[in-house]
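Read through the structure below, which is laid out as structure tokens, and then see the notes.
Read-outs throughout are calculated quantities, based only on the coordinates presented, and are distinct from any laboratory measurement. Computed from a predicted structure; not experimentally measured. FYI the Cβ positions are ideal-geometry reconstructions off the backbone, even for glycines, and counts take in every protein chain you see.
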Amino acid sequence: MTLARPAILLAVLSAALAAGCRRPGVGQSVPLDQTVEFEVENPHEVARPAANITVALADFAAVAKGFSASCLTLYDGANELPYQLDDIDQDGAPDVLVFQVSLKPMERKRLELFFNAGRSLLIRYPPRAHAAVYPELGGVAWESDAIGFRLTQDGRNAIGVFAKPEPALALQRFARSPDAGRTAQSWGADVCPLGETLGCGGFGFLKDGRVLRPVPTPRTKEGPALCCFSQILADGPVRAVVRLTYEGWVIDGAPRTVRATMTIWGGRRWATCDLEVGPGWRPPVAVGFAGVRDIPLIRKKDFCYTFGDQTLPMSDTRKPETLGMGILFRQEHFTAMLDELRAADAEAEAGFSRAVILTPDAEGRVKWAYVAAGGRGQLGVRDAAEFEELCSASFKDLTAPIRIHFRIRR
């Protein structure tokens, strides 16, 4: 899936100056020398109550002489907006400013970014997204305050789901619980039956009707060992980003380096995967979720999903409960949907996945999103129609771009 990056429109290449200005920070007064005034525009007839915005710091530097990200506050009128600075290319310097803002249909709103190049200050905002490596959970995990995911780094490449009844960050609680979240708690439960499936949004490569997974292998004369490395690129408060690098994954007879970047935003019940396999190679990518025999795959134009009593048996009711799982994708990558896909390295009776087959572009890139929701509490989804609407709204959220305009106040 191609994430809709904000369109950057440089209306006037300059910055508004506010010498000696002070604006209240979180619990303190922060001296700020200059501002960059810019506008965010929702060009769609649908409200965006918390639009995800990513702006390159280079765009601010282009319009504001002496711009520095060492001391910033961001304002929507009188309201301070939580933000974070991400170093996605891992060169030691932040690349992008990340925040969320509420926009009405067709609204164009002015924002102010105050900065002081002579100071260094980190403001801590209440976190709504988190990522970390948790050995207790089997590997790396990422969450919003609405859903949590974890990757099994044991070769299955399956993504587990932590369903939450109420908004909160909970990975640390899951990791501290004796059974790693398999008991239903007030903050949620580990609900997805993984087995030998792809979980919810996990991937592999399609070969002879089966999915090839990154099963760890030792180094041999014929090739290197297969290893998976995880890296936390961003850890809130607005979004969390995890990068997974698979070295020595043998596909089509050659060891490959494959990178998958997982991103989740505060308040969202979906996350995205940005997969890179390298230019000039377009293998069929199988993206799936755990299959249950009596729960059918529902197929739509831009997504597919399953919904029903398909969780692991809950510790308090002793039976499976409601769980919805979906995959969202762009039509230009779509190849096929499969009702049943099994792992090449697993026994036939070890479980199966419902799957979507996607083809990377000429640069070897393909993106998708995976969405999940349980049935309990405020965040619970009651029926298939409600979950389908969640999938549809999530797809629109992902693909509707927000425009950014820089301007000067004279």
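In which sequence would Ile147, Ile327, Ile123 go, from the one with the fewest C-beta neighbours within 10 Å to the one with the most? Let's see the in-between values first.
Working: Ile147 25, Ile327 30, Ile123 18.
In order of increasing Cβ crowding within 10 Å: Ile123, Ile147, Ile327.
Between the range 359-410 and the range 131-165, what is the separation of their alpha carbon centroids in Å?
Cα centroid of the range 359-410 versus Cα centroid of the range 131-165: 19 Å apart.
Run the quick spin-label model on Arg318 and Asp252: label points 7 Å from Cα toward the beta carbon, then report their separation in nm to one decimal.
Those two pseudo-labels are separated by 5.3 nm.
Take the alpha carbon atoms of the range 305-350, find their center, do the same for the range 251-269, and report the distance between the two centers in whole angstrom.
Here the answer is 19 Å between Cα centres.
Nearest 5 percent is fine: what portion of the DSSP beta bridges confined to the range 34-116 is antiparallel?
Numbers: 25 of 25 bridges.
Looking only at bridges with both residues in the range 34-116, the antiparallel portion is about 100 percent.
With an 8 Å cut-off on Cα pairs and a minimum separation of 6 or more residues, tell me the relative contact order of the chain in percent. Please list the in-between numbers first.
Working: 1116 pairs, mean separation 81.4, N = 410.
Across the chain, relative contact order equals 20 percent.
Which length gain, in nm to one decimal place, applies between Arg124 and Arg210 when the Cα-Cα distance is subtracted from 0.36 nm times their residue separation?
On the way: separation 86, 0.36 × 86 = 30.96 nm, distance 4.65 nm.
So the extension gain works out to 26.3 nm.
Which of Thr272, Thr322, Thr335 moves the most in a Gaussian network model of the chain with Cα springs under 10 Å?
Thr335
Within the range 355-385, list the residues whose amide N lies under 14 Å from a label point set 7 Å along Cα→Cβ of Ile88.
Backbone N within reach: 366-368.
If R0 is 41 Å, what FRET efficiency do you get for Lys109 and Asp361 from their C-beta distance, rounded to 0.05?
On the way: r = 33 Å, r/R0 = 0.81.
It comes out at approximately 0.75.
By its C-alpha gyration tensor, with a ≥ b ≥ c as the square roots of the eigenvalues, how is the range 265-410 shaped: rounded for a/c under 1.5, else prolate for a/b larger than b/c, else oblate?
Details: a/c = 2.41, a/b = 1.24, b/c = 1.95.
Because a/c hits 1.5 or more and a/b fails to exceed b/c, the range 265-410 counts as oblate.
Quickly estimate the mean residue ellipticity at 222 nm for the chain, helices only: each DSSP H run with n ≥ 4 gives -39500 (n - 2.57), and the total goes over all residues, rounded to 500.
Numbers: 3 runs with 29 residues, N = 410.
Mean residue ellipticity at 222 nm (helix-derived): -2000 deg cm²/dmol.
What does the charge dipole of the range 146-208 about its Cα centre add up to, to the nearest 20 debye, if the Cβ of each Lys and Arg holds +1 and the Cβ of each Asp and Glu holds -1? Before the final figure, lay out the partial values.
Values: 7 positive and 6 negative charges, 35 e Å.
The calculated dipole for the range 146-208 is roughly 160 debye.
Would you mind ranking Tyr83, Tyr75 so that the residue whose beta carbon has the fewest other beta carbons within 10 Å leads the list? Before the final figure, lay out each step's value.
Values: Tyr83 20, Tyr75 16.
Taking fewest neighbouring Cβ atoms as first place, the list is Tyr75, Tyr83.
What shape does the range 27-151 have by the C-alpha gyration tensor, where a ≥ b ≥ c are the square roots of the eigenvalues, rounded means a/c under 1.5, and otherwise prolate means a/b greater than b/c and oblate the rest? Before the final figure, lay out the partial values.
Numbers: a/c = 1.91, a/b = 1.26, b/c = 1.52.
It comes out oblate by the Cα gyration axes.
With springs only between Cα atoms under 10 Å, which of Leu206, Leu275, Leu121 fluctuates most in a Gaussian network model of the chain?
Fluctuation is largest for Leu121.
What distance in nm separates the two pseudo spin-label positions at Glu340 and Arg182, each 7 Å out from Cα along the beta-carbon direction?
2.7 nm
Take Asp345, Asp294, Asp252 and order them by how many other Cβ atoms sit within 10 Å, fewest up front.
Details: Asp345 15, Asp294 7, Asp252 10.
Listing Asp345, Asp294, Asp252 from fewest to most nearby Cβ atoms yields Asp294, Asp252, Asp345.
For an R0 of 56 angstrom, estimate the FRET efficiency from the Cβ-Cβ distance between Ala78 and Glu347 and round to the nearest 0.05. Let's see the in-between values first.
Details: r = 62 Å, r/R0 = 1.10.
After rounding, the FRET efficiency stands at 0.35.
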